[in-house]
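Worksheet: one structure, shown below.
The values are calculated or read from the model by the stated rules, or taken from the named source; none is laboratory data. Predicted model only: the values in this text are computed from it and were never measured. Note: ideal-geometry Cβ built from the backbone for every residue, glycine included; neighbour counts use all protein chains shown. Quick note on the areas: whole protein, heavy atoms, side chains included, nothing else; ligands and nucleic acids left out. Shrake-Rupley method; radii C 1.70, N 1.55, O 1.52, S 1.80 Å.
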Amino acid sequence: MRIRIKDIKEKDIDKIINVKGWVRSIRNSKEFSFIVLNDGSNLAGLQIVVDQNTKDYPKIIEKISTGCSLSITGKLVKSPGKEQAFELKAESIEILGECDAESYPLQKKKHTFEFLRTIAHLRPRTNTFGAIARTRNALAYATHKFFQENGFLYLNSPIITASDCEGAGQMFRVTTLDLEKLPKDKNGKINFEQDFFGKSTFLTVSGQLEGETYACALSDIYTFGPSFRAENSNTSRHLAEFWMIEPEMAFADLKDDMNCAENYLKYCLKYVLENCQEDMNFFDKFIQKGTIEKLQHILNNPFERLDYTKAIDILKNASKNFEYSVEWGSDLQSEHERYLAEEYFKKPVILINYPQEIKSFYMKQNNDNKTVAAMDVLIAGVGEIIGGSQREDNLDLLVKRMDELNLPKENYWWYLDLRKYGSVPHAGFGLGFERLVLFVTGMENIRDVIPFPRYPGHAEF
Ligand code: 4AD
Ligand code: MG
């Protein structure tokens with residue numbers, strides 16, 4: 001029976017076990033060879049000793065190179081080396097798949113992340129990308145655990161939609177129309193009535209609006225699914241396809257929203273510190289020094305909560321030279337967000353009460369008639385990791401705002417119904433999952449924390 005390498009324990013010493021995996025490295029000397037075998041279940045892999053006691057030795061060694069897949073049976077022993085607790089004395093080796101040493105792109109030297117992006121199908125076989133995959137998985141598990149333990153219901157919101165949640169017009173069109181022969185209406189415009197759904201449809205930018213409908217029936221829900229944005233921003237923080245977690249709570253205001261966001265983030269950080277120690281140590285040593293301390297510091301301190309208006313004062317008085325200047329009413333750039341979290345407060349900051357003009361139509365209007373009950377959570381290295389708000393639950397105010405923004409109300413009739421039939425105060429937020437993985441691992445580019453990144457000009461694999 002095959003055992004996963006991470007499951008090998010002290011009690012298995014002196015037992016005959018079988019492991020399967022890929023060769024990370026092989027070192028040959030006159031009388032024996034060392035193979036490091038990795039099956040992805042952990043970072044370190046297992047050291048295999050191949051010698052006279054191994055069937056077909058030394059012939060078998062000639063066919064084994066980095067990247068080969070092997071099934072190895074042998075006896076587990078205490079390792080004399082300091083690097084590992086045990087090693088396997090191979091009795092028999094079966095080569096499952098040979099690997100052409102000439103052309104295999106993952107040789108034992110260090111590769112740049114840019115290069116590894118061009119072989120995204122093989123990069124999970126490197127230490128860094130294996131560690132990222134395991135940590136990403138742990139964060140997804142922690143997400144479900146947090147919301148389930150707190151009574152939230154997991155909701156699958158649609159991927160194809162006719163409404164633009166953020167109203168920013170950054171949507172990818174979904175169509176089955178023949179692009180060579182587009183049907184036209186009498187005004188010469190494309191006739192989407194003949195399209196698959198009988199209307200214009202797109203990939204969703206957010207599941208929030210549908211999430212609100214379920215929150216306004218089941219109280220607390222969360223979504224965790226893909227979101228798509230056709231924003232042409234070639235940055236290290238943006239993807240065209242990313243995963244978002246969107247909780248929505250009925251009978252909740254902005255303060256409840258902030259509390260939930262802070263508790264959820266801290267829960268995730270604590271979870272990886274406790275459950276991904278080997279990978280976290282790796283990130284701390286090789287990717288970003290001090291990553292573990294960075295996470296611990298966040299766990300031990302309350303987030304700073306601050307009005308947008310106060311933040312503008314701080315930014316205007318900062319001695320730092322920003323590329324973009326700020327005035328009350330301007331949208332904050334990543335450099336401003338990072339300054340507040342990294343340099344000024346030195347901890348996560350929740351900015352609230354933004355000017356209405358720079359936020360989405362659905363946010364609750366404050367009594368001052370200029371700001372809305374919005375919140376963004378800003379963290380070091382990333383900037384905005386969470387965006388959320390209390391929602392406008394007053395039908396008249398919501399309709400007025402939609403009219404001001406020229407939004408086609410007919411597409412949102414069902415959303416408006418929520419304000420007609422038993423409207424309740426409610427609030428929610430969206431966390432960009434890759435930005436969380438980026439922060440936790442200390443990686444620099446968001447394209448390296450999702451298995452197959454999609455960004456302008458890139459949809460390979
Ligand atoms: O601030 P955003 O646009 O908010 C919403 O979509 C709301 N509907 C959420 C809600 O209230 N339910 O996006 C939320 C988060 C951002 O804070 C950011 O972390 C992430 O989603 N995000 C992206 N991540 C990667 N690439 C992109 N292009 C992203 N755009 C937003
Ligand atoms: Mg935002």
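List of remarks:
- Segment 16-131 - percent of accessible surface contributed by carbon and sulfur, probe 1.4 Å: 52
- Each part reduced to its alpha carbon centroid, segment 413-461 and segment 128-156 end up 14 Å apart.
- Modelled label positions at ASN275 and GLN194, each set 7 Å beyond Cα in the direction of Cβ, lie 5.2 nm from each other.
- Given +1 at the Cβ of Lys and Arg, -1 at the Cβ of Asp and Glu and no other charges, the dipole of segment 269-323 around its Cα centre is 200 debye to the nearest 20.
- Applied to segment 24-39, the Karplus parametrisation 6.51 cos²θ - 1.76 cosθ + 1.60 on θ = phi - 60° returns per-residue 3J(HN,Hα) values of 8, 7, 9, 10, 10, 10, 4, 9, 7, 10, 10, 10, 9, 9, 10, 10 Hz, with x for Gly and Pro.
- Coarse-grained scattering of segment 68-222 at q = 0.17, 0.18 Å⁻¹, given as base-10 log I(q)/I(0) from a Debye sum over alpha-carbon atoms: -1.12, -1.17
- Shape call, segment 256-332: gyration tensor on alpha carbons, a/c limit 1.5: oblate
- Positive contributions from Lys and Arg (+1) and negative ones from Asp and Glu (-1), summed over other residues with Cβ under 14 Å from the Cβ of LYS364, come out at -2.
- Rolling a 1.4 Å probe over the heavy atoms of the protein chains gives segment 315-461 an accessible area of 44 Å² per residue.
- Using the Cβ of TYR104 as centre and a radius below 11 Å, the other residues enclosed give a net charge of -1, where K and R count +1 and D and E count -1.
- What a 1.4 Å probe finds exposed on segment 154-210 is 52% carbon and sulfur by accessible area, rounded to a whole percent.
- Linear extension gain, TYR421 paired with SER103, 0.36 nm per residue minus alpha-carbon span: 108.0 nm
- Kirkwood analysis of the Cα pair distances in segment 222-381 returns a hydrodynamic radius of 17.7 Å.
- Cα gyration tensor shape of segment 70-119, rounded if a/c is under 1.5, else prolate or oblate by comparing a/b with b/c: oblate
- Share, in percent, of DSSP beta bridges within the chain that are antiparallel, nearest 5: 85
- Amide proton proximity set for PHE172, modelled H, under 5 Å, gap of 5+: LEU203, ALA230
- In sequence order, segment 451-461 has phi-based couplings of x, 10, x, 10, 8, x, x, 9, 9, 5, 6 Hz under the Karplus curve 6.51 cos²θ - 1.76 cosθ + 1.60, θ = phi - 60°, and Gly or Pro positions carry x.
- Accessible area expressed per residue, segment 197-300, with surrounding protein chains retained (probe 1.4 Å, Å²): 42
- With both labels modelled 7 Å from their Cα along Cα-to-Cβ, the LYS184 to GLU149 distance reads 6.1 nm.
- Share of carbon and sulfur in the accessible heavy-atom surface of segment 312-461 [1.4 Å probe, %]: 46
- Over 39 Å [Cα-Cα, the chain], rounded percent: 35
- Charge sum, other residues only, whose C-beta stays under 15 Å from PRO451's C-beta, Lys/Arg counted +1 and Asp/Glu -1: +3
- Accessible-area ranking of LYS59, LYS89, largest first, probe 1.4 Å: LYS59, LYS89
- Projected label distance in nm at GLU62 and GLU357, using a 7 Å step from Cα toward the beta-carbon: 7.8
- In Å², nearest 10: area of TYR57 left accessible to a 1.4 Å probe: 40
- Rounded to the nearest whole angstrom, the semi-axes of the ellipsoid equivalent to segment 295-409, taken from the Cα gyration tensor as √(5λ), stand at 28, 16, 11, largest first.
- Alpha-carbon Debye profile of segment 350-429, log10 I(q)/I(0) at 0.12, 0.24, 0.26, 0.27 Å⁻¹: -0.36, -1.15, -1.27, -1.32
- Segment 376-383 - phi-based ³J(HN,Hα) in whole Hz, Karplus 6.51/-1.76/1.60, Gly and Pro as x: 10, 9, 10, 9, 4, x, 10, x
- Cα long-axis angle, helix 208-218 against the chain (0 to 90 degrees, to the nearest 10): 90
- Sequence-distant residues sharing a close amide H with ASP307 (under 5 Å, placed H): ILE352
- Theoretical gain in end-to-end length, ASP396 to ASN127 [0.36 nm per residue, Cα-Cα removed]: 91.3 nm
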